[in-house]
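Everything on this sheet refers to the single structure shown next.
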Amino acid sequence: MGTEVSTSTTRSKLTNTQKCFGVLVAVGLSAAAFSDRFDDIRIGGMNSATTSGLFSSKTKTKKESSGGGIRSRSSGGGSEKNNGNAKDCLYHLTVFDRTGLDLHLDGCFQSDADLLDKMIYLSDNGSISNPKAAGVLAIGIGEKYRETKRRRLEEDDNETKEETDNIVQLLDRVGLVADDFLAPRLEWKIMAERFEDFSDASAANSSNLTATKAGTLFVDPTIYAPKTKASDDDSNSTAATKPISYDSFVTAYHSLQDKSATTTDLMLMRTFDPTMRTFANIVRQRQFPGIEDNYVPKSCKASLKRTKGRVMVNYGGVRDFLGARTDTNNRHFWHAMHIGIPYAEVNPPVWGANYRFDKCGPTAVASIDEKYGIVNGLECGFLPIWGGSCLHDKVNADLHCLSRFGMSSLTKIVLTQNGIPEKVCEVGHEQSPMPGSNPHKVEKVPEAFSEYCPQCEAFPKIKPNISLAITPEILSDPAKPLNFEQLGEVNNLIKYIEGDTNSSSSCEYCSSEELSGAASRPCCFTQNDLTIQQAVLNGTTQERPFYVDMVSSYLTRFNRNSRRRIAAARQPREEAMFAIKNSDWKTALATGMCGTLHIRRGDNIQRCEENPGSQFCSMDLSLEDYMNKLEPFLKELGEDTRHVFVMTDDPDVANATMRAPYEKKGYVFEVISGHNQWSLLTYDDYDAFLESLYGAELCKAFVGHHISTVAMLVFRRMCIRHGVCPLADDHDGKYPKIRW
C-alpha cells in the first residue's frame, strides 16, 4: 500500500426469553486489601500468589510449577529494592491516583516478573471506588541501565555470563511486561511508550533488531489538550452520559515532565467508567478463568464444572483481513459470552507472516506452547483475547490437532470436555498433512474429522448434515462435539452455566454499581443493560448496544509488535502535521475536533464493473460525496472545525486535485492511501493500515460505507476511544440510524 503524505444507560427487566449472563463481578478479592494510604503498602512485600497467568519466556521467573500455573520465586535475585536510588533499579514504577496526582510511590525492581507482580497487585486489589485507587502507572528503565550496553545476568545455576542487552531490548521488555498485564485487563490502556530511534526507517520492521538508541516517547495526543482540572470523583459517571476522561493521564504526564528525576518509558491509564469495568470483569472471568485465584487447581476445577468443559474455538482464516475477521469473531465471541463459556480465536502462524510480522516465530511470540509448539498468528500483532493456565491446559492439545489438519478456512467447533480423541487426530493428520508451499490451499476436510463432527462447519460452503436435539444430557456428554449454532439452541442457559438444575436461576439481578464490580455474587443481566450513547446532529444522542463496540475494540488491541510499527510511521507524520503553519493539528487530535473519512473502493469497484447493479456499485463515490456527509458533522463539533483525516484504499480519490476545492474553504487534510492486495500472499501495506487505524479513531465525526467491515471497525473503535460514539453516517440513507 503506497502512502500519500499530505500534510443514560437504560435497564430492562429480565424475561423468560432473554438470555442472562451469570458472572461473578468482583475481581481481585485477594487477602491483602488495598490500603486507603499507599504509604501503608510495603514495597517488596509481594505475596508470591499475586501473579498473572500470561507468562512469556521473556517474563518467566526462575521457578514455575508444572501444573496449575502458579509461579514460585527463589529467595534471591528477584526482590525489589527501595533504597531511594533510582539509578540502581532495572525498572522504576510511579503510581498516580485516579485524579492523576503523584502519590510518590516509587518502586524499584530488578526483574520483569517483579515489576509485573506489582502492577497486578496495584490493579487487582481492593475497591475500585477508592479515590486513591491506582489510575496511572508510569514505568521507566533505571538510569544505570540506560548508560551501559553490557551487564552480568544471573543464570538458574547461579553462574554468570556476559550478554548484550542494549537499551532498545530493555524497552522491548517493558513493552512485553505491559502486554502481559493488559491482556486480561480491558480497563487499562497504554497512553505513552518509548521505542527505538526511528531515524533508521528500517529499524521498526527489521527481523534482526540492531538499533541501540532510544527514541522520543510516543504519546497519546490528549497531552496537547488545554489543561483542565481533573474531577475529584467520577465514580458515578457512565459511558452513556459522560465520555471517558483522559484527565488523569494528562495530569500525570505533565507532573512527570515537570518534576520527575527519572525517565519514563511507558505509561498506562485505567478507565473508571462503570460500564467499561462491567464488561472488563465479564471478559476476565470468561476468557481468563481462574485469574482471580491465581490459577490454583481448585479454581480450575470450578471453571470446568461451570462450563462443562466446553470451549468455543474458531481456527483458521489464513487470509481474512482485519475488518472481516473482527466482524465474524465479534458475533462468535458474544455468542460464547451469552452461553457463559470461553471463546478461543486462533489463526495459524501463516496469518502473521501474511502481514509481515517478521519477528513472529517460535522464539518471539508469547503464545508459544512449550509442549506442542503452537503459535497463534493473531498474537503476532494483537494482544491475546484468552489465556491462563486453566484454559491453555484444557485446549492446547485440541488446537495442535486442528492446526495439523492444515485447514485454511474457518473451522468452528465447540470442544468437548475430554477433547478431540487422539485417534481422530492421528488418522486426520495422515489424511491432511501440514500445508506445504501453498498454505492457503486445502483440498478437503480430513474424513476423520468429518466423521467425528459432521455438523461442525470446517468450510463456509459445507453445511451441517446432522441436526441434534440439544438436551442437558448431550451438553454433559464429555465426548459429544457441537457446532456454534447447536449450542445456541440450548434452553435454560443459566442452568447450564451455573451447573444448577434445581432452580431456574442461580444468579440474581444486580444494580448498576454491583454490575461494575462492587458485588461478590453472580449477577444476571442482559445485553440491554450495557449501552453507550451515539452523538447525532442538533446536540442530541441515541442509545446503542455497548457490547458490539467493546468486543471489536477488545479483539483488535495492538501488542508491542504492532505498536512499534504504528509509532515508526506515526511519529514522523505527526511531526510534519504539527509543523504546518496555522494548521493546529495538535489541538484537533487532542480534543477530537476533527472528522475521519474511510473511503473504501479498491476491488469492490472492480466487482461493480463486473456485475453492474450489484451492491458494490453503491461504493463508487467521490471525495465530494463523503465531504457532503461530513461537513454538517464538523459544523456540529464547532464552527472552526476544519481538520479531516482520510483512510482509503484508492490513491486517487483524495489526491491534491480532489482536495483543492475544500482546502480553499479552509479544510486541512491528512491522507493515508493505498491499494487492495487481496490476491497477494504477503501484504506490503499493513504498516500504513495499522497507522491509519490508529489515527482514524482520534476524531469525533465519521463517514464510511456500510458494506465495509473496516469502516465498521473504525467506527466501533472510535466509540470506545471517546466513551461516546461519534457523529456518523454509513451511506445507507437512513441517518441517524446506521448498520454498524
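Read-outs throughout are calculated quantities, based only on the coordinates presented, and are distinct from any laboratory measurement. A quick note: this is a predicted structure, and the numbers were derived from the prediction, not measured. Using ideal geometry, Cβ is built from the backbone for each residue, glycine included, and neighbour counts are taken over all protein chains shown.
Would you mind getting me the FRET efficiency between residue 418 and residue 611? Use the beta-carbon distance for r and R0 = 56 Å, nearest 0.05. Present the calculation step by step, with values, prior to reporting the outcome.
Numbers: r = 48 Å, r/R0 = 0.86.
E between residue 418 and residue 611, to the nearest 0.05, is 0.70.
With charges set only on the Cβ (+1 for Lys and Arg, -1 for Asp and Glu), what does the dipole of the stretch 570-728 come to about its Cα centre, in debye to the nearest 20? Before the final figure, lay out the partial values.
Working: 17 positive and 23 negative charges, 114 e Å.
Dipole of the stretch 570-728, to the nearest 20 debye: 540 debye.
Between residue 737 and residue 397, with labels modelled 7 Å along Cα→Cβ, what's the label distance in nm to one decimal, could you check?
In this crude spin-label approximation the distance works out to 5.1 nm.
Could you check the spin-label model distance between residue 213 and residue 660? Points 7 Å from the Cα along Cα→Cβ, value in nm.
4.1 nm
Is the shape of the stretch 549-691 rounded, prolate or oblate, going by the alpha carbon gyration tensor and its root eigenvalues a ≥ b ≥ c, with a/c under 1.5 for rounded and a/b larger than b/c for prolate?
Values: a/c = 1.71, a/b = 1.14, b/c = 1.50.
Note, shape of the stretch 549-691 comes out oblate.
Can you work out the FRET efficiency for the pair residue 259 and residue 225, with r the C-beta to C-beta distance and R0 = 35 Å, to the nearest 0.05?
Working: r = 21 Å, r/R0 = 0.59.
The calculated FRET efficiency here is 0.95.
Hey, if you put +1 on the Cβ of every Lys and Arg and -1 on every Asp and Glu Cβ in the stretch 284-352, which of 328, 314, 291 ends up farthest toward the positive end of that dipole?
Going by the charge dipole, the pick is 291.
Considering only DSSP states other than H, G, I, E and B, which trypsin sites (Lys or Arg not before Pro) in the stretch 566-675 qualify as loop sites with at most 13 other Cβ atoms within 10 Å?
On the way: sites: 570, 573, 581, 586, 600, 601, 607, 629, 635, 642, 659, 664, 665; in loops: 581, 600, 601, 642, 665.
Listed in order of number, the matching sites are 581, 665.
State whether the stretch 254-348 is rounded, prolate or oblate according to the following rule on the C-alpha gyration tensor (a ≥ b ≥ c being the square roots of its eigenvalues): a/c under 1.5 gives rounded; otherwise a/b larger than b/c gives prolate, and the remaining case gives oblate. It would help to have the intermediate numbers written out before the result.
Details: a/c = 2.32, a/b = 1.47, b/c = 1.58.
It is oblate, given that a/c is not under 1.5 and a/b is not larger than b/c.
Would you work out which of 602, 540, 648 lies farthest towards the positive end of the dipole of the stretch 540-695? Charges go on Cβ: Lys and Arg +1, Asp and Glu -1.
Projecting each Cα onto the dipole axis, the largest value belongs to 540.
For residue 643, enumerate residues with amide H under 5 Å from its amide H, sequence gap 5+ or separate chain, H modeled in the peptide plane.
HN-HN under 5 Å from residue 643: 595, 668.
Where does the charge balance sit around residue 214 when Lys and Arg score +1, Asp and Glu -1, over other residues with C-beta under 9 Å from its C-beta?
Details: positive: 146, 194, 213; negative: 196, 197, 265.
It works out to a net charge of 0.
What is the gain in length, in nm to one decimal, between residue 540 and residue 603 on full extension, counting 0.36 nm per residue of separation less the C-alpha to C-alpha distance?
Numbers: separation 63, 0.36 × 63 = 22.68 nm, distance 3.70 nm.
Between residue 540 and residue 603, full extension yields 19.0 nm more.
Nearest 0.05, what FRET efficiency do residue 305 and residue 199 give at R0 = 56 Å with Cβ-Cβ as r?
After rounding, the FRET efficiency stands at 0.50.
Can you tell me the order of 536-544, 731-739, 345-353 when each peptide is scored by its average per-residue count of other Cβ atoms within 10 angstrom, highest first?
Numbers: 536-544: 12.7, 731-739: 14.3, 345-353: 23.2.
Those peptides, ordered most packed to least, come out 345-353, 731-739, 536-544.
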